[in-house]
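The values are calculated or read from the model by the stated rules, or taken from the named source; none is laboratory data. Computed from a predicted model, the values in this text were never measured in an experiment. Here Cβ is always computed from backbone atoms with ideal geometry, including for glycine, and neighbour counts include all displayed protein chains. With ligands, DNA and RNA removed, areas are computed over all heavy atoms of the protein, side chains included. Shrake-Rupley method; radii C 1.70, N 1.55, O 1.52, S 1.80 Å.
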Amino acid sequence: MLLAVPTVLQMLSYTVEQFTDAYMLSKVGDAEASAAVASGMVTFCVISFGFGILMLVNALVSQAFGAGTHKDCGRHLWQGIWFGVIYAIALMPTMFMSHRLFTWMGHPALTIPMEVDYFNVSIAALVLKMLAIALGQFMLAINRPNIVLVSAASGMLGNIFVNWLLIYGNWGCPRMGVAGAAWGTNAAVAIELLILALIAFGPKLREEFGTLCARFEWKKFRELLRIGLPSGFQTTGDVVAWTIFLALVMPMFGLAAMAASNYMLQYMKLSFMPAFGLSTAVTALVARYLGAGKPEISEHRAHLGFKIAAVYMLGCGLLFLLLRNQLMYLFTHDPEIVRLGGGLLIICAIFQFFDAMFIIYIGALRGVKDTFWPSIVQVCLCWGLVVGGGLAVARYLPQFGIYGPWTVGIIYGVILGLYLMLRFRSGKWKTMQPETEAEARTFDLSMAAAVEPIGK
């Protein structure tokens, strides 16, 4: 919990930022709020591949930390930084294609200019986000979660303040609406990155972990890509599929359905984002104890993480069920949106237990570097059920309204959660060998005895 609580609060701060964006823009209009949510999803689709890869900085640094090879921690960090810079530069041209993208997606003419503004402003500062992710994963891996929490909380406060200035035009600032919310998010990322960098490259950590060892190392960079690419494809496949679901399937039922789905998504984030924080802590602990030659503790931490996440998310589900209409009224007083959104929150409540299962065990599998087959299964299920099944139900069974496609989405979550749990419980990951010669050298005789079931 010492590692997990700050990480959970960090993820909660990100959720509060997104919730705040939607809430503050809803006071300008439902179209503005929907535009920011939709554009935010598309933006994350674009950056999700890099995000998925950089999440594996946590596993690599954690294993080096657990094995006692602290200088390797800084070297793994820098391979993540180099990847983040390269990836951000490669995505800059998407700014010139954004208008065509939102037009192709069939969004209302009213929201397209706002969506384009939000997207372009976000991509302009993408390199800051990539670096913040790499540094944040490094800090969690070396057991400095409170630094991550402080940086995220500071960013959250900066986001709210800049939003207040630029969305509404306070204190003589330009009234920018949706674009102002994007600049608020960029301000939050910049504040977070500054705090992380000051600590990571300060005298204490650079001495212990070699954080100024900035050279590009192909062997370690290749290792990051080897285990990170499946994670990147998994994250991108999932995010893109759900974005298509929200951007193409929901508009088939009208603007009210789009708004209801977007508002419901804000509450879903309040439940699953903290669980992702717990999952990040599980990744760090599973990798750390595996690096120390103690796989039985790795396994215990994963199952414990699931129990904690399940209790939290089931509690959220109960609130969604009992207060569904009141929660919708926080965003809108349109009776049709409230009715549709309330029904979606019931579906969301049913999904919570299996969502906790998916979130925790995907983190545990990342910790043991088992990323290939989980990513294949998730992408196939997501595109087959969420996209294919959602479109089919919307087109051929329209009498079920928006609840039909969302029910198919719930079925996907149940199957995926059970698969990931069973894969981790099967123990196939215990047959893995140390990945580097440095890790292998750190196993003393006592550790070797503990690792004997893993293999020589």
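Being out of contact with any His (no Cβ under 8 Å at 6 or more places or on another chain) and modelled with pLDDT of 90 or more narrows it down to one residue among PHE44, PHE19, PHE83, PHE102; which is it? Quick ask: steps written out before the conclusion?
Values: PHE44 fails: modelled with pLDDT of 90 or more; PHE19 fails: modelled with pLDDT of 90 or more; PHE102 fails: modelled with pLDDT of 90 or more.
Every option except PHE83 fails the conditions.
Search segment 82-111 for residues being in a helix (DSSP H, G or I), touching a residue at least 24 places away in the same chain (Cβ under 8 Å) and over 30 Å from LEU135 (Cα atoms), and hand back the single one that is most open to solvent (accessible area, probe 1.4 Å).
Among them, the one singled out is LEU101.
For segment 13-23, state whether one or more residues are of a type outside the set (Asp, Glu), open to solvent by 10 Å² or more (accessible area, probe 1.4 Å) and more than 18 Å from the chain's Cα centre (by Cα). Can you show your working first?
So in segment 13-23, the residues of a type outside the set (Asp, Glu) come out as 13-16, 18-20, 22-23.
Of the ones still in play, those that are also open to solvent by 10 Å² or more (accessible area, probe 1.4 Å) are 14, 16, 18-20, 23.
When the remaining residues are screened for being more than 18 Å from the chain's Cα centre (by Cα), the result is 23.
Yes, some residue in segment 13-23 is of a type outside the set (Asp, Glu), open to solvent by 10 Å² or more (accessible area, probe 1.4 Å) and more than 18 Å from the chain's Cα centre (by Cα).
For segment 180-214, which residues satisfy the criterion of being over 17 Å from ASN120 (Cα atoms), without any contact (Cβ under 8 Å) to a residue 60 or more places away in the chain and open to solvent by less than 30 Å² (accessible area, probe 1.4 Å)?
Within segment 180-214, the first condition is being over 17 Å from ASN120 (Cα atoms), and the residues that meet it are 191-214.
In the following step, the residues that additionally are without any contact (Cβ under 8 Å) to a residue 60 or more places away in the chain were identified as 191, 194-195, 198, 201-204, 207.
GLY202 - this is the single residue of segment 180-214 that is over 17 Å from ASN120 (Cα atoms), without any contact (Cβ under 8 Å) to a residue 60 or more places away in the chain and open to solvent by less than 30 Å² (accessible area, probe 1.4 Å).
Within the set of pairs 6 or more residues apart or between chains, which connect a residue that is touching a residue at least 60 places away in the same chain (Cβ under 8 Å) and more than 16 Å from GLY158 (Cβ to Cβ) inside segment 2-26 to a residue that is open to solvent by 20 Å² or more (accessible area, probe 1.4 Å) and of a type in the set (Asp, Glu) with Cβ atoms less than 7 Å apart?
These pairs meet every condition: LEU25/GLU32.
If you go through segment 150-172 one residue at a time, do you hit one that is open to solvent by less than 40 Å² (accessible area, probe 1.4 Å), over 19 Å from TYR23 (Cα atoms) and of a type in the set (Val, Ile, Thr)?
Looking through segment 150-172, none of the residues is open to solvent by less than 40 Å² (accessible area, probe 1.4 Å), over 19 Å from TYR23 (Cα atoms) and of a type in the set (Val, Ile, Thr).
For segment 416-454, which positions are at pLDDT 90 or above, within 19 Å of LYS369 (Cβ to Cβ) and buried (at least 16 other Cβ atoms within 10 Å of the Cβ)? It would help to see each step written out before you state the result.
Here is the first cut: in segment 416-454, the ones at pLDDT 90 or above are 416-426.
Applying the additional criterion that residues be within 19 Å of LYS369 (Cβ to Cβ) yields 419-426.
Across segment 416-454, the qualifying residues are TYR419, LEU420, MET421, ARG423, PHE424.
Could you please find all residues in segment 353-374 being closer than 22 Å to LEU246 by Cα and surrounded by 24 or more Cβ atoms within 10 Å (Cβ to Cβ)?
Residues satisfying the conditions are ASP355, ALA356, PHE358, ILE359.
If a residue counts only when it is in contact with a helix residue (DSSP H, G or I) (Cβ under 6 Å, 6 or more places away or on another chain), which helices (runs of 4 or more DSSP H) contained entirely in segment 137-245 have at least 3 such residues? Break it down into steps so the answer makes sense when it comes.
Values: elements: 145-168, 178-200, 203-209, 218-244.
The qualifying helices (runs of 4 or more DSSP H) are 145-168, 178-200, 218-244.
Specify the residue that is most open to solvent (accessible area, probe 1.4 Å); the eligible residues are those in segment 254-295 that are within 22 Å of VAL311 (Cβ to Cβ) and aromatic (Phe, Trp, Tyr).
This residue is PHE276.
(1) of a type in the set (S, T, N, Q); (2) farther than 22 Å from GLN79 by Cβ; (3) under 25 Å from the mean Cα position of the chain (by Cα): which one isn't true of THR103, the others all being true?
It is condition (3) that THR103 fails.
Taking segment 403-415, which residues are within 13 Å of TRP242 (Cβ to Cβ) and either touching a residue at least 60 places away in the same chain (Cβ under 8 Å) or open to solvent by 60 Å² or more (accessible area, probe 1.4 Å) (or both)?
The first filter runs over segment 403-415 and keeps only residues within 13 Å of TRP242 (Cβ to Cβ), leaving 405-406, 408-410, 412-413.
Those that are within 13 Å of TRP242 (Cβ to Cβ) and either touching a residue at least 60 places away in the same chain (Cβ under 8 Å) or open to solvent by 60 Å² or more (accessible area, probe 1.4 Å) (or both): PRO405, TRP406, GLY409, ILE410, GLY413.
Output the qualifying pairs, or none if there are none: Cβ atoms under 6 angstrom, residues six or more apart or on different chains, first residue in segment 162-179 and farther than 12 Å from MET24 by Cβ, second residue surrounded by fewer than 14 Cβ atoms within 10 Å (Cβ to Cβ).
Pairs that qualify, where the first residue is farther than 12 Å from MET24 by Cβ and the partner is surrounded by fewer than 14 Cβ atoms within 10 Å (Cβ to Cβ), are GLY169/ARG175.
Looking at this structure, is SER26 open to solvent by less than 40 Å² (accessible area, probe 1.4 Å), under 30 Å from ILE112 (Cα atoms), among the polar types (S, T, N, Q) and modelled with pLDDT of 85 or more? Give the derivation first.
Values: open to solvent by less than 40 Å² (accessible area, probe 1.4 Å): yes; under 30 Å from ILE112 (Cα atoms): yes; among the polar types (S, T, N, Q): yes; modelled with pLDDT of 85 or more: yes.
Yes, satisfied.
Among the residues of segment 283-342, which ones are outside any helix (DSSP H, G or I) and not β-branched (Val, Ile, Thr)? Full working, then the answer.
First pass over segment 283-342, keeping only residues outside any helix (DSSP H, G or I): 292-294, 323, 330-334.
Correct list: ALA292, GLY293, LYS294, LEU323, LEU330, PHE331, HIS333, ASP334.
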